[in-house]
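**Student:** This is the structure, below, for whatever I ask next.
The values are calculated or read from the model by the stated rules, or taken from the named source; none is laboratory data. Keep in mind that this is a model prediction, so the values were computed, not measured. Here the Cβ is made from the backbone with ideal geometry for all residues, glycine too, and neighbour counts use every protein chain on show. Quick note on the areas: whole protein, heavy atoms, side chains included, nothing else; ligands and nucleic acids left out. Shrake-Rupley method; radii C 1.70, N 1.55, O 1.52, S 1.80 Å.
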Amino acid sequence: ATYNEDGSVDVMNMAWGGICGDDMVALNIEETRKTAKNIKARGAFTLSIASLPYLKQADYFGIVSGNDTPDKFAKSGLTAVKSTRVDAPVIEEFPITLECKAVEMENKSYGFRILGQIQNVLADESVLTEHGQVDPAKLQAFAFDQFQGGYYALGEKVSQAWQSGRELM
């Protein structure tokens, strides 16, 4: 999520990117996207994880361009508040938000990449364990499958990371 020139909220559905360091994220988007223009202008963005109850809105953010529909966020029915850490909005209905400062932008043969430094992580209490960690089952996140064009719910733990392959060592 970013702010437009007039202060209104812009949101896009991010498919290509991820964590690339302890406190860094990488976004790979087209430089012509409204969100890319806004990040260049403001130097900040937020990354949120939408939960299943908001799948329709998240999908809408991915199929409608802010270049063509300036009020697309207003049409979603969601609410946003200003981040206290960066010059970008926080979508209140999304349970996890990373507040990020843009630290590097580059245009390469593979596309436009934005590196953001995570300034803060917001997590709704409803998705936390009793120890304050995010519980993927409570998060009700979903992932995009580019092979079949579907969304799939996440949350079932199938193994313990960094333990499952030890028997092959």
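**Student:** Return the pair list, or none, for Cβ contacts closer than 8 Å from residues in region 149-169 that are open to solvent by less than 60 Å² (accessible area, probe 1.4 Å) to residues that are of a type in the set (S, T, N, Q), at least 6 apart or on different chains.
**Tutor:** Once the first residue is open to solvent by less than 60 Å² (accessible area, probe 1.4 Å) and sits in region 149-169, its partners that are of a type in the set (S, T, N, Q) give Gly155/Gln140.
**Student:** Separate question: Starting from residues that are among the small types (Gly, Ala, Ser) and under 18 Å from Met14 (Cβ atoms), keep the ones in region 77-117 and report whichever is most open to solvent (accessible area, probe 1.4 Å).
**Tutor:** Ala80
**Student:** Something else: Please verify whether Ala74 is among the hydrophobic types (A, V, I, L, M, F, W, C) and open to solvent by 60 Å² or more (accessible area, probe 1.4 Å), treating the condition exactly as stated.
**Tutor:** For Ala74, the condition - among the hydrophobic types (A, V, I, L, M, F, W, C) and open to solvent by 60 Å² or more (accessible area, probe 1.4 Å) - is met.
**Student:** Val9 - would you say it is open to solvent by less than 70 Å² (accessible area, probe 1.4 Å), touching a residue at least 12 places away in the same chain (Cβ under 8 Å) and within 29 Å of Asp135 (Cα to Cα)?
**Tutor:** Yes, satisfied.
**Student:** Looking at this structure, is Phe73 without any contact (Cβ under 8 Å) to a residue 60 or more places away in the chain, part of a helix (DSSP H, G or I) and at negative phi?
**Tutor:** no
**Student:** Counting just the residues of region 34-60 that are among the basic types (Lys, Arg) and touching a strand residue (DSSP E or B) at 6+ places or on another chain (Cβ under 8 Å), which one comes out surrounded by the most Cβ atoms within 10 Å (Cβ to Cβ)?
**Tutor:** Applying the filter and picking the extreme gives Lys34.
**Student:** Shifting gears a bit: Any idea which of (1) part of a strand (DSSP E or B); (2) modelled with pLDDT under 90; (3) polar (S, T, N, Q) is the one Asn13 doesn't satisfy?
**Tutor:** The failed condition is (1).
**Student:** Right, another one. Among the residues of region 104-133, which ones are touching a residue at least 24 places away in the same chain (Cβ under 8 Å) and of a type in the set (A, V, I, L, M)?
**Tutor:** Met105, Ile114, Leu115, Ile118, Val121, Leu122, Ala123, Val127
Yes/no matrix, rows are residues, columns are (1) assigned to a helix (DSSP H, G or I); (2) out of contact with any Phe, Trp or Tyr (no Cβ under 8 Å at 6 or more places or on another chain):
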{"position": "Lys37", "(1), (2)": "yes, yes"}
{"position": "Lys40", "(1), (2)": "yes, yes"}
{"position": "Tyr60", "(1), (2)": "yes, yes"}
{"position": "Phe94", "(1), (2)": "no, no"}
{"position": "Glu99", "(1), (2)": "no, yes"}
{"position": "Met105", "(1), (2)": "no, no"}
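**Student:** If we keep just the residues of region 118-148 that are open to solvent by 40 Å² or more (accessible area, probe 1.4 Å), under 10 Å from Ile49 (Cβ atoms) and of a type in the set (A, V, I, L, M), which is modelled with the lowest pLDDT?
**Tutor:** Step by step, filter region 118-148, then rank; the result is Val134.
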